[in-house]
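Engineer: Encoded as C-alpha cells, here's the structure I'll be asking about.
The values are calculated or read from the model by the stated rules, or taken from the named source; none is laboratory data. This is a predicted model, so every value here is computed, not measured. Here the Cβ positions follow ideal geometry from the backbone for every residue, glycine too, while neighbour counts run over all protein chains shown. Surface areas here come from the heavy atoms of the whole protein model, side chains and all, with no ligands, DNA or RNA. Shrake-Rupley method; radii C 1.70, N 1.55, O 1.52, S 1.80 Å.
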Amino acid sequence: MEKDLQYYLRLNYSVEIEEIPLEEGGGFLAKIPLLVGCMSDGETLQEAYDNIKEAKTLWLEDMLARGMFIPEPDTEEKYSGKFLVRIPKSLHKIISEQSKREGLSLNQYVANSLAFMAGQKI
C-alpha cells in the first residue's frame, strides 16, 4: 500500500487539547504529540479541534513533499489488563479480608483501589 496523504489521514493520531490561560490570550491549544510541531489553536474546544485537523493535513502534505519520515500511531495492544505484584503477606491478608467485607473479589477490590488512587472511575 502506498503511504500517501490519504493513508496518513486515515490513521488515528491522538490529539491533546489544553486551555490557554486568559493572561496568554485565552482559548485552546491543540496538538498532535506524535507529529512534532503539528499544533493549532481556537477560541473554543470545537474550533481548536477543527483547526488541528486542518493543521494535520498541512503538516502531512509538507512532510510528504519533502520526503521526510512520518511517524505512525502504534496500533499494537500494549496492555493486557494483567500484571503481577508481590506484596507482603500481612498486606495480602488485610486486603483479602477487606474485599470479603465489601462483597468484592480480591481482583475487583484491588482494581477499585488502584482506580481510586489514580483518580479514575471503573
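Engineer: Which three extents, in angstrom, do the Cα atoms of the chain have along their principal axes, listed largest first?
Structural biologist: Principal extents (largest minus smallest coordinate, Cα): 62, 45, 22 Å.
Engineer: Given a 1.4 Å probe and every protein chain left where it sits, what share in percent of the accessible area of the chain is carbon and sulfur? Write out the running numbers ahead of the final one.
Structural biologist: Values: 5280 of 9810 Å².
About 54 percent, which is the carbon plus sulfur part of the accessible surface.
Engineer: Quick one: what are the phi-derived ³J(HN,Hα) couplings along region 83-88, Karplus 6.51/-1.76/1.60 with θ = phi - 60°, whole Hz, x for glycine and proline?
Structural biologist: Along region 83-88, the couplings run 7, 9, 10, 8, 10, x Hz.
Engineer: Okay, moving on. Normalising by the residue count of the chain, find the relative contact order in percent from Cα pairs under 8 Å and 6+ residues apart. Walk me through the numbers before you get to the answer.
Structural biologist: Working: 118 pairs, mean separation 19.3, N = 122.
Result for the chain is 16 percent.
Engineer: May I pose another question? Using a 1.4 Å probe, what is the accessible area per residue for the chain, in Å²?
Structural biologist: Values: 9810 Å² over 122 residues.
On a per-residue basis, 80 Å².
Engineer: Could I ask something else about it? If packing is taken as the average count of other Cβ atoms within 10 Å, what order do 43-55, 85-97 fall into, highest mean first? Working shown, then result.
Structural biologist: Values: 43-55: 15.3, 85-97: 9.5.
Result, highest mean Cβ count within 10 Å first: 43-55, 85-97.
Engineer: What number comes out for the charge environment of I95, summing +1 per Lys or Arg and -1 per Asp or Glu over other residues with Cβ under 13 Å away? Before the final figure, lay out each step's value.
Structural biologist: Values: positive: K89, K93, K100, R101; negative: E97, E102.
Once positives and negatives cancel, what remains is +2.
Engineer: May I pose another question? Lys and Arg at +1, Asp and Glu at -1: add these up for the other residues within a Cβ distance under 12 Å of R10 and post the number.
Structural biologist: Working: positive: K3, K56; negative: D4, E72.
Here the count lands on 0.
Engineer: Quick check: the angle from helix 45-65's long axis to the longest principal axis of the chain, C-alpha only, nearest 10 degrees?
Structural biologist: So the inclination is approximately 60 degrees.
Engineer: Could I ask something else about it? If all Cα-Cα distances of region 21-93 are sorted into 10 Å bins from 0 onward, what percent lands in each bin, rounded to whole numbers?
Structural biologist: 16, 28, 21, 16, 13, 7, 0
Engineer: Report the extension gain between T57 and T75 in nm, rounded to one decimal, defined as 0.36 nm multiplied by the number of residues separating them, less their alpha carbon distance. Spell out each step's value before the answer.
Structural biologist: On the way: separation 18, 0.36 × 18 = 6.48 nm, distance 2.04 nm.
4.4 nm is the gain from fully extending T57 to T75.
Engineer: So how far apart, in nm, are the two label points at E23 and S90 if each is 7 Å from Cα heading toward Cβ?
Structural biologist: Modelled inter-label distance: 4.8 nm.
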